[in-house]
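In what follows, a single structure is set out as C-alpha cells and then discussed.
Nothing in this text is a laboratory measurement; each read-out follows from the coordinates by a stated rule. Keep in mind it's a predicted model, so treat the numbers as computed, not measured. For neighbour counting, all protein chains shown are included, and Cβ atoms are generated from backbone atoms with ideal geometry for every residue, glycine included.
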Amino acid sequence: MKFLAAAVALALAATATAQKIAINNPTTSTSWDVAKPQYLSWTGNCSSMGAAAKAVDIQLVNGPSTAVQFIAPLGVLDCSGNLTSLNNVTIPNTVASGVYSIRVMTQPENSYSTTFNVNNPASPSTPTATTTGAPQTTSPAHSGASQVVAGSMAALAGCAVAAMLL
C-alpha cells in the first residue's frame, strides 16, 4: 500500500511540473501564408497556471533553440481545459518569408512548435549571412513532448527506488 501511495505521489509530481502543451500543428511540412487565418492545434493543457491559462500569449519566433528571437504577436489561446485548437491565427503581412516557430507562453516553461515555413509573396526570404570560422549547428525548437515523457520516466524510476526502500 505504501508503494502505491508513493507511486501515485511521484506520478502526480511529474505531471504537475510538466506545464507545457504539445503543439501538433503547424508541422515541419506546413507552409502558412501571411494575412490568412491559420489552424493551430495542441494536445494537453496548462490548467495548473490557474486563471492565466485562459489567455496565454502566442508568438511567432525564429532562431536556434538557444537564442530564440521574438518576431510578432499572434494572439492568445485558452489552454485551461478541453480546447485544443484555434482557427484564426494570422501571421502579419510584415513578416518576411522564411522558417519560423510558434511559442506559447506557458509557465513555468514555454511551449514550442516545430519549425515551419511562412510564405509572403511581397517579402521573399533573404539569404542568411555566412559565418567564418568553425561551422555552427542549430537545432529547431521542440514541442516539449519529449520532456513530458522524460519527466514521466523519471517519476517511474523514482517509484521503483521508493519501492525498493519500502
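Residue ranges 51-59, 105-113 sort as 105-113, 51-59 when ordered by packing (mean number of other C-beta atoms within 10 Å per residue, highest first). With the highest mean first, a sort of the peptides 64-71, 95-102, 35-42, 79-86 on other beta-carbon atoms found within 10 angstrom per residue produces 95-102, 35-42, 79-86, 64-71. A straight chain from N119 to Q69 at 0.36 nm per residue would run longer than the Cα-Cα distance by 16.1 nm. The length gained by stretching the chain between A51 and N88 to full extension, at 0.36 nm per residue less their Cα-Cα distance, is 11.1 nm.
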